[in-house]
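The values are calculated or read from the model by the stated rules, or taken from the named source; none is laboratory data. Just so you know, these numbers come straight off a predicted model, no measurement behind them. No Cβ is skipped: glycine too gets one built from the backbone with ideal geometry, and neighbour counts run over all protein chains shown.
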Amino acid sequence: MPEDTLHRQNIVACLWDFDKTLIPGYMQWPIFEHFGIDERAFWQEVNGMEEVYRQRGQDPSPEILYLNHLLTYTRAGITGGLNNAMLRKFGQKLKFYDGLPEFFDHLKRLVAEQQLYARYEIKLEHYIISTGLAEMVRGSAIAPYVDGVYACEFIENPLPPYYNLQQELEMEPGDCEIGQIGRFVDNTIKTRFIFEINKGTNKIASIDVNSKIAPEDRRVPIKNMIYIADGPSDVPVFSVVRKNGGKAYAVYAPGSESEFVQNDELRQCGRVDHFGRADFRERSDTYMWLTTHVRRICDRIVEESEQALNRRVGRPPRHLHDDEPRKTPQGPQQEILFG
C-alpha cells in the first residue's frame, strides 16, 4: 500500500448476523424462560401490533416494536427488574450451531499463522451486526472471538427532567432496570455499520461515518468483507457488500426445506454469492466455502501489496562482472526486497 495512506488495508472482516445464523431461532428465549412468559404468545403480540397502531393512525417502525413491547412488559412488572447485567447472564445460555464458536477462532488462526500473510501483517476481524440484543451477544460463548458488536441496546434508569440541575442523582444499589432504547438496529440501519467498519470509525472515534474518505484511506475495504446471514431480511446488507466487491453468504437451518428454497432464490437473483447449511464443523460446505474465500481475500491483499512495492521500489545498483555484456539502460528494473 502507498506510504501516505491512512490505513494499510490489510484487514479481512467477517460480518455476522446472529439470530438463525449463528444460533437456531431467536436469542430472547432465555428472558421468556426466566420470567415464565409464553414466547410464542409474546411474538404473536408483537406481530399484531403494527396493524393495531395503523388503525389508530400511527405508523411505527415494525422492527422497533419488540423492543418497546419488552419495555412495556418491564414497566408492567412482568419482566420487572430486567437489566443489562441480567441480559448478559442470559447470553450464557445461548446454544450455537455445530462448529461454533471454534470456527471463529479457526478463521483467525488461519490468517495469523500463515507466514506469508504475517509478512504483510494481515489479520482477520469478526463483527456481529444484529437486530437482537447486544448485551446478550456480549455474554455469549462467541464474545471472546468478536472484535465488535452492533446490536440493540437498552438504557437503565433513564435520566429525569432537569437532571443536569441536580447535585446528586439517586441510585440504589441493584435498583437498575431497563427503561429506554439506547440503540435501535434494523436491517436497513445495518448498512450504516458496514460503512463504520469500512471507514474505521469504530477504531478512530474522530472519524464520522458521514465523513468523506478516499477509498484508499478506508481501514477495511468492502472488497475485504464477507457478510454471513440467514435470508431475505438481510438483502439490504447483501446488496451493499456485493455491490462494493465483497462476498455474501446465506445459511439455512439444517433440514429446513423452506429456508433452503429461500436461499436458493437469493442466489438465483444474484443477492448472494453462495449458500449452505448453518453447520460450521470442519469439512462442512459452509466451513470450506468461508475458509476458501478468506484465503482468497488474503492472497489478493498479498498480491496487491507486492504490486505496490514493485511500483515504488527500484532495483539497487550492482557491480557488473567483466565477462557480463553491458546493455544500454532500458529504464529502471524493479524487484521486491526482503530483509
>> For the range 125-139, which positions are in contact (Cβ under 8 Å) with a residue 60 or more places away in the chain and in contact with a Phe, Trp or Tyr (Cβ under 9 Å, 6 or more places away or on another chain)?
In response: H126, Y127, I128, I129, S130, T131, G132, L133, M136, V137
> Do you know which residues across the range 24-51 are at negative phi, exposed (fewer than 12 other Cβ atoms within 10 Å of the Cβ) and either in contact (Cβ under 8 Å) with a residue 24 or more places away in the chain or not aliphatic (A, V, I, L, M) (or both)?
Replying inline: D38, R40, Q44, G48, E51
> Which residue out of D98, D59, D38 is in contact with a Lys or Arg (Cβ under 6 Å, 6 or more places away or on another chain) and not basic (K, R)?
Replying inline: D98
>> With the requirement that a residue be out of contact with any helix residue (DSSP H, G or I) (no Cβ under 9 Å at 6 or more places or on another chain), part of a loop (DSSP other than H, G, I, E, B) and hydroxyl-bearing (S, T, Y), what does the range 109-168 give you?
In response: Y162
>> For the range 174-217, which positions are part of a loop (DSSP other than H, G, I, E, B), in contact with a strand residue (DSSP E or B) (Cβ under 6 Å, 6 or more places away or on another chain) and among the basic types (K, R)?
In response: none
> Do we find a residue being more than 21 Å from I128 (Cβ to Cβ), of a type in the set (D, E) and touching a Phe, Trp or Tyr at 6+ places or on another chain (Cβ under 9 Å) anywhere in the range 258-280?
Replying inline: yes
> Looking at (1) in a helix (DSSP H, G or I); (2) touching a Gly at 6+ places or on another chain (Cβ under 9 Å), which is the only condition F103 fails?
Replying inline: (2)
>> So if I check each of G339, G314, G331, which one is surrounded by fewer than 14 Cβ atoms within 10 Å (Cβ to Cβ), under 24 Å from Y120 (Cβ atoms) and modelled with pLDDT under 50?
In response: G339
> Scanning the range 262-291 for residues that are of a type in the set (A, V, I, L, M) and over 15 Å from P101 (Cα atoms), which turns out nearest to the chain's Cα centre (by Cα)?
Replying inline: V272
>> Given (1) under 15 Å from the mean Cα position of the chain (by Cα); (2) farther than 27 Å from R218 by Cα; (3) among the hydroxyl-bearing types (S, T, Y), identify the lone condition not met by S130.
In response: (2)
> Here are some conditions: (1) surrounded by 15 or more Cβ atoms within 10 Å (Cβ to Cβ); (2) of a type in the set (D, E); (3) touching a Pro at 6+ places or on another chain (Cβ under 9 Å). D186 meets all but one. Which one does it not meet?
Replying inline: (1)
>> Conditions first: (1) at pLDDT 95 or above; (2) exposed (fewer than 14 other Cβ atoms within 10 Å of the Cβ). S61 passes all but one, so which condition is the exception?
In response: (1)
